[in-house]
Amino acid sequence: MMLSSLLLSPVLLAFSAASAALAAPSALKTFTVPHVDGQDDTPALLAALPDYASNSTILFKQGVHYNIWTPIKFPVLNNVEIRIEGNLSYPEDMATVQAIVASSTFPGHWFTFTGGDKVSLIGSTNPKWGWVDAHGQQWWNKHELTNRPHGWNFAKISNGVIRNMKLWKPVAWSFSASGSTNLHAHDNWIYALSDDMDSAFPFNTDGFSAGGGTDFLLENNHIQNGDDCLTVGNGAKNIVFRNSRCEGGHGLSIGSLGKGGQVADVQNVLIENVEMKNALYAARFKSWTGGKGLARNITWRNIKFDNVRFPIYVTQNYWDQNLGPKPEVTDVTNTQIQDMFFENFVGNINDSPTFFEGTCVSDPCWYYVPGATGREVIIFDLYPETVKNIVARRIVPVTQSWKPATVMCNSTVISTDVGFKCQNGLFVPTLAGLFGH
Ligand SMILES: *[C@@H]1O[C@H](CO)[C@@H](O)[C@H](O)[C@H]1NC(C)=O
Ligand SMILES: *[C@@H]1O[C@H](CO)[C@@H](O)[C@H](O)[C@H]1NC(C)=O
Ligand SMILES: *[C@@H]1O[C@H](CO)[C@@H](O)[C@H](O)[C@H]1NC(C)=O
Ligand SMILES: *[C@@H]1O[C@H](CO)[C@@H](O)[C@H](O)[C@H]1NC(C)=O
């Protein structure tokens with residue numbers, strides 16, 4: 001008796017502590033966002049927000065089709081959860097959206113957060129409800145790139161959660177979290193695939209942007225889009241992205257860093273257990289010549305790639321395709337790379353000679369690599385004397401043509417063991433590339 005109660009009491013204590021923690025949110029007061037058919041539902045929410053900026057739940061109810069016809073800008077929030085259980089719709093008329101985006105009062109995103117602590121953005125697990133529909137298809141059909149709305153900026157928030165959110169055809173740019181810290185984004189679904197990925201490409205439909213954030217855990221997300229699945233920008237630190245699926249886009253990307261001489265600082269990024277399907281790139285790093293600063297401790301590991309053109313692509317010679325052909329490099333600096341690892345990559349390369357991706361609107365395409373065979377599993381386009389300890393290990397590619405995979409790597413620029421023979425030619429792993437860790 002004595003013994004069993006001694007053993008049980010810590011367990012009971014743990015249980016009661018857990019139920020107290022669970023009970024806490026019920027103390028929040030709830031604002032249910034009202035809806036009127038045929039009208040914009042944003043003004044009523046904005047009017048109520050000052051009273052619900054702390055210790056509150058803001059509920060978009062299941063069963064309701066909300067009209068978010070004008071942008072929502074939240075005040076600084078404290079201990080607030082926003083529940084998206086109904087369907088939310090942007091205006092269907094493109095010109096209406098463009099006029100709003102062009103106006104001087106546009107907050108920058110359709111949904112803008114301005115800061116706060118303990119803020120949760122929670123969608124629905126009901127597959128029929130909780131979708132935020134931006135009607136992107138019509139924009140993509142018309143190749144309309146002017147005055148597009150960004151989606152969600154979960155900015156300057158500490159201790160944030162984004163979960164079970166579902167975006168349906170965002171026009172462009174899904175989630176960013178500029179300047180936030182300690183963010184857990186999980187079990188979200190971004191659907192930004194076009195009905196026609198060749199002629200109506202969903203340009204710039206980036207998934208998650210971790211630019212400038214610290215201590216992010218992004219996991220169990222499903223992102224189908226036409227640009228970066230993940231972007232890690234300048235200032236980002238301690239970013240983990242894992243157990244996720246990406247389809248259709250431009251990869252798990254760091255950068256671009258160092259544009260216009262910027263001093264970049266990116267540290268401690270781990271991207272693991274990710275499936276990349278029908279994508280242009282899987283793991284990607286880009287920085288500009290002339291940049292400064294450092295990107296260090298960056299790992300991509302356990303990456304499965306299926307129908308990917310460039311599984312591993314690192315360039316320190318990035319430039320903007322919109323500004324014409326690649327300029328002659330005259331800059332003498334670049335953002336330094338230190339401790340960058342690619343480990344356990346398995347999959348198949350789309351090496352079709354007629355490979356085409358919907359973003360290709362110039363000749364040559366922006367992703368064209370002079371001298372490439374199309375079978376490159378790794379391209380290290382590095383800038384001299386700026387890279388310390390970059391290694392690719394246990395990389396197992398096949399090409400769809402069954403020809404051997406190749407690499408591009410200039411041994412004049414990098415003389416350390418990179419895990420494979422550094423050459424423009426066959427992919428030949430070194431001992432470190434086969435067995436190192
Ligand atoms: C919110 O709740 C916390 C904890 O109960 C309390 O300290 C704080 O004063 C509340 N804030 C407002 C604005 O009511
Ligand atoms: C909610 O929106 C999604 C995306 O537009 C749609 O597929 C779904 O049918 C909508 N739900 C209902 C109940 O209409
Ligand atoms: C490298 O980054 C990972 C992921 O953020 C972190 O867990 C690890 O501690 C970092 N290692 C060093 C040596 O900074
Ligand atoms: C390799 O890099 C060196 C130094 O930057 C350069 O001069 C040379 O042209 C490069 N070789 C190839 C094949 O790109």
Just to check I understand the Karplus step: with θ = phi - 60° and J = 6.51 cos²θ - 1.76 cosθ + 1.60, what whole-Hz values come out for the range 277-287, glycine and proline as x? 10, 6, 10, 6, 10, 9, 9, 8, 10, 9, 9
Amide H of ARG393 versus every other amide H placed in the peptide plane: which residues, excluding those fewer than 5 positions away on the same chain, fall under 5 Å? PHE342, GLU343, ASN344
Step through the residues of the range 199-207 one at a time and calculate ³J(HN,Hα) from phi using the Karplus curve (6.51 cos²θ - 1.76 cosθ + 1.60, θ = phi - 60°), rounding each to whole Hz and writing x for Gly and Pro. 10, 9, 6, x, 4, 6, 8, 3, x
Return LEU434, LEU28, LEU280 ranked ascending by Cβ neighbour count within 10 Å, so the fewest neighbours appear first. LEU434, LEU28, LEU280
Likely footprinting exposure, SER287, SER209, fewest C-beta neighbours within 10 Å first: SER209, SER287
If one builds a Gaussian network model of the chain from Cα atoms under 10 Å apart, the most fluctuating residue listed among THR146, THR125, THR354 is THR354
If the elastic network links every pair of Cα atoms under 10 Å, which of PHE241, PHE342, PHE31 fluctuates the most in the Gaussian network model of the chain? PHE31
Using modelled backbone amide H atoms (1.01 Å from N, in-plane), which distant-in-sequence or interchain residues come within less than 5 Å of SER209's amide H? PHE175, SER176, ALA177, THR231
Which residue fluctuates the most in the chain, going by a Gaussian network model with Cα springs under 10 Å, if the choices are PRO71, PRO50, PRO149? PRO50
For the chain, inverting the pair-averaged 1/r of distinct alpha-carbon atoms gives a Kirkwood value in Å of 23.1
How far is helix 2-23 tilted, in degrees, relative to the longest principal axis of the Cα atoms in the chain, given as a value from 0 to 90 rounded to the nearest 10? 90
Just for the Cα atoms in the range 189-285, what are the lengths along the principal axes, largest first, rounded to whole Å? 39, 32, 17
Arrange ARG242, ARG284 by Cβ neighbour counts within 10 Å, fewest through most, would you? ARG242, ARG284
Quick one: Cα centre-to-centre distance for the range 170-248 and the range 119-164, in angstrom? 11
Assuming R0 = 56 Å, what is the FRET efficiency of GLU92 and LYS326, from their Cβ-Cβ distance, to the nearest 0.05? 0.90
Where the eigenvalues come from the Cα gyration tensor of the range 250-437, what are the semi-axes √(5λ) of the equivalent ellipsoid, largest first, in whole Å? 23, 21, 15
What list of ³J(HN,Hα) couplings, whole Hz, do you get for the range 342-352 from phi and the Karplus terms 6.51, -1.76, 1.60, once you set θ to phi - 60° and write x for glycine and proline? 10, 9, 6, 10, 9, x, 10, 9, 7, 10, 4
Pull up all non-local amide H partners of ASN348: gap of 5 or more, or a different chain, and H-to-H distance under 5 Å with H placed in the peptide plane. PHE305, ASP306, ASN307, VAL308, VAL398
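Values in this text are rule-based calculations from the coordinates and carry no lab data. Every value quoted in this text rests on a predicted model; they were computed, and no experiment measured them. For neighbour counting, all protein chains shown are included, and Cβ atoms are generated from backbone atoms with ideal geometry for every residue, glycine included.
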